[in-house]
Amino acid sequence: MTQEASHPALAGIAAGLTRVTRALCVASAVLALLLPLPVLYEVLMDAVGSPPIWVFETTGYAIIMIAFAAGGYGLHTGHHFRVSLLPDRFPHLAKPLARFSAVLQVAFGLVLLVAGSKQVHIDFVQDLQSDTLLAVPQYLPQMAFPIGGLVITLQGIAHLLVPPMRRAHDARE
């Protein structure tokens, strides 16, 4: 993705923010690669008549964490749903529209960060647990929401500083 910055310092800050979101995406990828192991364990233990009770619930929480933690870097790479009708029809509006999109990314990320943090805090204080045999403290899987909000906010700020001007993965004539 080609990005142009009016100031090299802004480009450096944007690159640093993108490195943070990439690091969380890499952590998500590692988690995704490890995810089949508990499922394999469950299959093997089920075959010998002693299935574990924890696999379904914990893998579900892991999948949620993977999706939220990788979201910010997905915005950077362009691997997300977007409509590009206006910038395609009116190329001179591409930069202002990219900045507007970045403002919306930051706003959404902040809402997710603040609301998610409040929910995590409430569930921690109330000691809310899942209604399963594991009785998982619910603030743990709900950490996915503020983490997702943080990475979306960081990538949105990076896009505000250096708006993406070319969509590398779009089809071209």
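Observations, loosely collected:
- Trypsin sites (Lys or Arg not before Pro), loop per DSSP, at most 16 other Cβ atoms within 10 Å - longest free stretch of the chain: 83-165
- The convex hull drawn around the Cα atoms of segment 19-173, when projected onto a plane and averaged over every direction, covers 11.7 nm².
- Positive-end extreme of charge dipole, segment 29-145 - chosen from Ser84, Val120, Ile64 (charges on Cβ): Ser84
- If R0 is 41 Å, the Cβ-Cβ spacing of Lys118 and Tyr41 corresponds to a FRET efficiency of close to 0.70.
- The charge dipole of the chain, taken about its Cα centre with unit charges on the Cβ of Lys, Arg, Asp and Glu (plus for the first two, minus for the last two), comes to roughly 940 debye.
- Helical segments meeting 27 Å axial Cα length and Kyte-Doolittle 0.5 threshold in the chain (DSSP H): 8-34, 55-77, 94-125
- Sites matching chymotrypsin sites (Phe, Trp or Tyr not before Pro) across segment 45-153 that sit in DSSP coil, with at most 10 neighbouring C-beta atoms within 10 Å: Phe81
- Extension gain for Ala27-Ala9 works out to 3.7 nm (0.36 nm per residue, less the C-alpha to C-alpha distance).
- Amide H contacts of Gln129 (H built 1.01 Å from N, in plane; Pro and chain starts excluded): Gln138 sit under 5 Å, all sequence-distant by 5 or more or on other chains.
- In this simple spin-label model, placing a label point 7 Å from the Cα along the Cα-to-Cβ direction at both Thr58 and His92 gives a separation of 6.0 nm.
Since every read-out is calculated from the coordinates, none of them should be taken as a lab result. Not measured: the values here are computed from a predicted model. Positions of Cβ are generated from backbone atoms using ideal geometry, with glycine treated the same way; all protein chains shown enter the neighbour counts.
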